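Working notes, structure below.
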Amino acid sequence: MRVSRRLMSRRVVSAAVVAGLLASAAACGGGDDDKGDGAAPAGGGELKGTKIEIAAKWTGPEEANFRKVLQAFEKKTGATVTYASTGENTDAYLGPRLEAKNPPDVAVLPQPGLMQQYADKGALKPLAADVVSEVDKNFSPYWKELGSAQGKPYAVLVKAAYKSIIWYRTEAFSNAGVQPPQTFDDLVSVAGTVQDSGTTPFALAAGAQDSWTLTDWFENVYLSQAGPEQYDKLAKHEIKWTDPSVGTALETLAKIWGKPDLISGGVAGARQTKFDESVTQTFGQQKAAMVYGGDFAAANIATTKAKVGTDAKVFPFPKAGQVAPAVLGGDIAVALKDGKGGQELLKFLASSEAGKVWAGLGGYLTPNKGVAPDAYSDPVAKELVAQILKSGDAARYDLSDLAPAAFGATPGKGEWEALRTFVQKPTDVKGTQAKLEAEAAKAYKS
């Protein structure tokens, strides 16, 4: 399960999330003739006879739900859509097909960096004007910019993972007599009370393969304190990691990371702990009261006896500054071939119509403003999407996924390793900043 634990956690694991947090088992069970799939009624058939191939990495229940969304498009337009699974490494699948000049019409990419890579190679087709209009109608300008390269819009955000939540064990909070915190200082206070009640407050995954959790902690704190504009600058390396704002965020994290008794197994234990183990420690072994994990952690909770929504609940990542953080990961769709069919499919995927179909099936979140919380089939999903929509223009994509992979998504290197080392020595703020900047400078230059 370790192709890239970061990619696994937000995309492959999301298939299991369908069975956990956002599941709608009945929706996954029907075949192509299932009348309960929420598909749109038959339309004018303006694409009758048109064949479209779309490639994405989804399998299992996640693929089953996406196929129902594609069925809605087929019924509306008369087109025939073929789905191809790219497997874990999207680029490894698409690269040879692009070289052979036989790409699918549309591909769903797991990170914006890959879109930028393909755009630089001239492999993408810009979004048609009516697709851009659909994006403008349903998404804040940030998400359009995220899907753009060299000033041209190329991508539609089709599916998101929400990363600004912390999971907690309700029994532990009840025993300690505490409520979910709203600010980071409240979080530190709650942790102390939980500890006094006899429970270790946090399980922290800081293993070499799982240090992405540490980048997510940082991103939430940094976005809240520094604000969206500064966050964007850091993501583009327009400001250095030696900037005082980075130091402030690290000092804030040290309020928890710098107290080993607040962490299950202490610092040494955290540095050996994998993400799924941190969730198991919290909900399977009751060794901790809280764990960071984003919405996708529901898949791991489902492997324990704890039940999401009762034994395991979430609260928004507490504000460390003036901004309520809303950090998302997600999948973006691009056109690899010319033709009306692919552009029409992209337009549909950007619409509130497609979003509502998908939301009713489960395993789905989106910042699409046209998909209201009551469109979602799961009460926790309603809560999460309400947070996303409330954040509005302040919502941001995962910073480390926007960075070059050598800096933001490589075990044992870059941001992952610098923050992992910081957990071990949280007093060394300046040294950590220097290491982050040195690694970033190399990665962005290359």
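The values are calculated or read from the model by the stated rules, or taken from the named source; none is laboratory data. Everything numeric in this text was worked out from a predicted model, so none of it was measured. Cβ placement follows ideal geometry from the backbone for every residue including glycine, while neighbour counts extend to all protein chains displayed. These accessible areas exclude ligands, DNA and RNA; they are computed on the full protein's heavy atoms, side chains included. Shrake-Rupley method; radii C 1.70, N 1.55, O 1.52, S 1.80 Å.
Highest mean packing first, where packing is the average number of other Cβ atoms within 10 Å per residue, the peptides 91-99, 394-402, 371-379 line up as 394-402, 371-379, 91-99.
The H on the amide N of LEU109, modeled in the peptide plane, is under 5 Å from the matching H of ILE332, ALA333, VAL334, each at least 5 residues off or on a different chain. Each of ALA333, PRO426, GLY113 was scored by the projection of its Cα onto the charge dipole of the chain, and the greatest displacement toward the positive side belongs to GLY113; charges sit on the C-beta of Lys, Arg, Asp and Glu. Entry comment: accessible area of the range 332-391 is 32 Å² per residue, from protein heavy atoms only and a probe of 1.4 Å. Peptides 248-254, 301-307, ordered by how many other C-beta atoms sit within 10 Å of their residues on average, highest first, read 248-254, 301-307.
For the chain, the membrane-span-like helices by this rule, meaning whole DSSP H stretches whose C-alpha atoms cover at least 15 Å of axis and whose Kyte-Doolittle mean is -0.5 or above, are 184-196, 212-226, 244-257, 379-391, 414-424; this says nothing about an actual membrane. In this structure, the pairs whose alpha-carbon distance is over 28 Å, taken from LYS287/LYS313; LYS48/LYS152; LYS233/LYS356, are LYS48/LYS152; LYS233/LYS356.
Peptides 51-60, 101-110, 144-153 ranked from most to least packed by the mean count of surrounding Cβ atoms within 10 Å: 101-110, 51-60, 144-153. Taking the charge dipole of the range 181-261 about its Cα centre, with +1 at Lys and Arg Cβ atoms and -1 at Asp and Glu Cβ atoms, the residue from GLY227, PRO244, ALA254 reaching farthest to the positive side is PRO244.
Remark: relative contact order (the chain) = 25 percent; criterion is Cα-Cα distance under 8 angstrom and separation of 6 or more residues.
Taking one quarter of the surface of the C-alpha convex hull of the range 232-354 gives a mean projected area of 12.3 nm².
At what distance in angstrom do the alpha carbon centres of the range 291-355 and the range 373-446 lie from each other? First find each Cα centre; the distance between them is then 15 Å.
Ranking PRO61, PHE73, LEU94 by Cα position along the charge dipole of the range 57-141, where only Lys, Arg, Asp and Glu carry charges on their C-beta atoms, puts PHE73 farthest toward the positive end. When the chain is treated as a GNM, springs tying every alpha-carbon pair under 10 Å, which of SER174, SER140, SER245 comes out with the largest mean-square fluctuation? Taking springs between Cα atoms under 10 Å, the residue moving most is SER174. Relative contact order, whole percent, for the range 346-436 stands at 14, derived from Cα pairs under 8 Å and 6 or more residues apart. Past the 20 Å Cα-Cα mark, which pairs from LYS255/LYS305; LYS121/LYS445; LYS144/LYS240; LYS75/LYS137; LYS101/LYS347? With Cα atoms farther than 20 Å apart: LYS255/LYS305; LYS144/LYS240; LYS75/LYS137; LYS101/LYS347.
The mean accessible area for residues of the range 143-240, using a 1.4 Å probe and ignoring ligands and nucleic acids, is 34 Å² per residue.
At full extension, ARG97 and GLU238 could sit 47.3 nm farther apart than now, given 0.36 nm per residue minus the alpha carbon distance. Taken about its Cα centre, the chain carries a charge dipole of roughly 440 debye when the Cβ of each Lys and Arg holds +1 and the Cβ of each Asp and Glu holds -1. Averaging the sequence gap over all C-alpha pairs within less than 8 Å and six or more residues apart, then dividing by the number of residues, gives the range 262-374 a relative contact order of 12 percent.
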